[in-house]
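Okay, structure first, notes after.
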Amino acid sequence: VPVQDMLALLRRFFKPSAAECDEFSLAIADGEGGARLTHSHERQYRYVEQSLRLWAEILGNFFELWWLADRDLLSDTHRYELSDTGQGNHRVQPAPLVERRMRQLLAKVQAETDEWVGSSVVHLGDRNVPNALHFIDKYTQVARILAPIVTTLTWLERNYETKLRVEKYVDETFGSIERLLKLILTDFFRYAFDGSGADNFFQAGSCVDGRLTSAWNWCNQIESKPFYPAFVLAGFASFDGFAA
């Protein structure tokens, strides 16, 4: 499961209390690198960990959420209104059943943490997430975001030991396979969870669905990353059609 794999990578390569060094610090600052949040290494670690745990909880209950979404969409009580959300015209419709279940899942994850980092706002039936179908579509993207990253890291680590050309490229370009893996993960855990990806803080930021918006924003910038050639070497084509 990509979410669990990414959680395992976070815990394997990073410690919550302090960064190994500045290069692998997860600390971010508002205005730097497009970030809209300011977090120390420890706070960012917790923010990323909690976000991944919430995604895992959502996906673990996804069939129920999909069923509830169908009921919300077909509701005779809560009708939709066609409205310009800033991203074109959409059917804006309340989704009380999905929202109630989402708040329960969020409360479950929050109860398992010492301190919840970031906002607890759940956008549903507004300009950000107009209806239950948009909610479902948004969270089907989690695996499409995480799976190519996990697959790339796994391929690089496995083939570094068995293919001379991979070892030569990695050592000459990045110094070692461990440094390459940490560079990729540090960048992802910093800037895929930095509150970016929308026109303003309200639409992205640290709210529940805004965390996923930031992750997609990171994906859109993958070709500009210094480690992008390593992704290509591992067979990466795109987040829509990864094949290794």
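The values are calculated or read from the model by the stated rules, or taken from the named source; none is laboratory data. The shown structure was predicted, so the numbers you read here are calculated from the model rather than taken from an experiment. Quick reminder, even Gly has a Cβ in these numbers, built from the backbone with ideal geometry, and neighbours come from all protein chains shown. For the accessible areas, the whole protein counts, side chains as well, though only heavy atoms, and no ligand, DNA or RNA atoms are used. Shrake-Rupley method; radii C 1.70, N 1.55, O 1.52, S 1.80 Å.
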(message) Could you give the length gained by full extension between ASP171 and GLU157, i.e. 0.36 nm per residue of separation minus their alpha carbon distance, to one decimal place?
(response) 3.8 nm
(request) Can you bin region 21-131 into rounded, prolate or oblate? Criterion: square roots of the alpha carbon gyration tensor eigenvalues sorted a ≥ b ≥ c, rounded for a/c under 1.5, prolate for a/b above b/c, oblate for the rest. (result) oblate
(request) Output the relative contact order of the chain, whole-number percent, from Cα pairs under 8 angstrom with separation of 6+ residues. (result) 21 percent
(message) Take the chain, mark every one of the GluC sites (Glu not before Pro) that falls in a DSSP loop and has at most 12 other Cβ within 10 Å, then report the longest stretch left between them, sites excluded.
(response) 162-244
(request) Sequence neighbours fewer than 8 away in the same chain don't count; with that in mind, list the lysines whose C-alpha is under 24 Å from LYS168. (result) LYS182, LYS225
(request) Calculate what fraction, in whole %, of the accessible area of the chain sits on carbon and sulfur atoms when a 1.4 Å probe is rolled over the protein chains. (result) 50 percent
(request) Could you check which residue among GLY210, GLY33, GLY88 shows the biggest mean-square fluctuation in a GNM of the chain with a 10 Å Cα cutoff? (result) GLY88
(request) Please list the non-local residues whose amide H lies under 5 Å from the amide H of GLU20, H modeled 1.01 Å from N, same-chain partners needing a gap of 5 or more. (result) LYS15
(message) Output wanted: per-residue J couplings in Hz (rounded whole) for region 171-184, from phi through Karplus 6.51 cos²θ - 1.76 cosθ + 1.60, θ = phi - 60°, x for Gly and Pro.
(response) 5, 6, 8, 10, x, 6, 5, 5, 5, 4, 4, 5, 4, 5
(request) Would you mind getting me the FRET efficiency between TRP66 and GLN87? Use the beta-carbon distance for r and R0 = 25 Å, nearest 0.05. (result) 0.65
(request) Just need log10 I(q)/I(0) for region 82-122 at q = 0.15, 0.24 Å⁻¹, Debye formula, equal scatterers on the alpha-carbon atoms, no solvent, rounded to two decimals. (result) -0.55, -0.83
(message) Starting from 0.36 nm per residue, how many nanometres of slack lie between THR77 and LEU164 once their C-alpha separation is accounted for?
(response) 24.9 nm
(request) Compute the length gained on full extension between ASP30 and GLN221: take 0.36 nm times their separation in residues and subtract their Cα-Cα distance, giving the result in nm to one decimal. (result) 66.9 nm
(request) Mind listing the long-range amide H neighbours of THR38? Cut-off is under 5 Å, sequence gap 5 or more, other chains count too, H placed in the peptide plane at 1.01 Å from N. (result) ASP30
(message) Classify region 95-147 from the C-alpha gyration tensor, please: rounded if a/c falls under 1.5, else prolate or oblate depending on whether a/b exceeds b/c.
(response) oblate
(request) List every residue whose amide H lies under 5 Å from the amide H of CYS207, counting only residues 5 or more places away in sequence or on a different chain, with H placed 1.01 Å from N in the peptide plane. (result) SER119
(request) Please give every one of the aspartates and glutamates within straight-line cross-link reach of LYS163, meaning a C-alpha to C-alpha distance under 19 Å, and leave out same-chain neighbours fewer than 8 residues apart. (result) ASP171, GLU172, GLU178
(request) Per DSSP H run of n ≥ 4, the term is -39500 (n - 2.57); total these for the chain, divide by its residue number, and report the mean residue ellipticity at 222 nm rounded to 500 deg cm²/dmol. (result) -17500 deg cm²/dmol
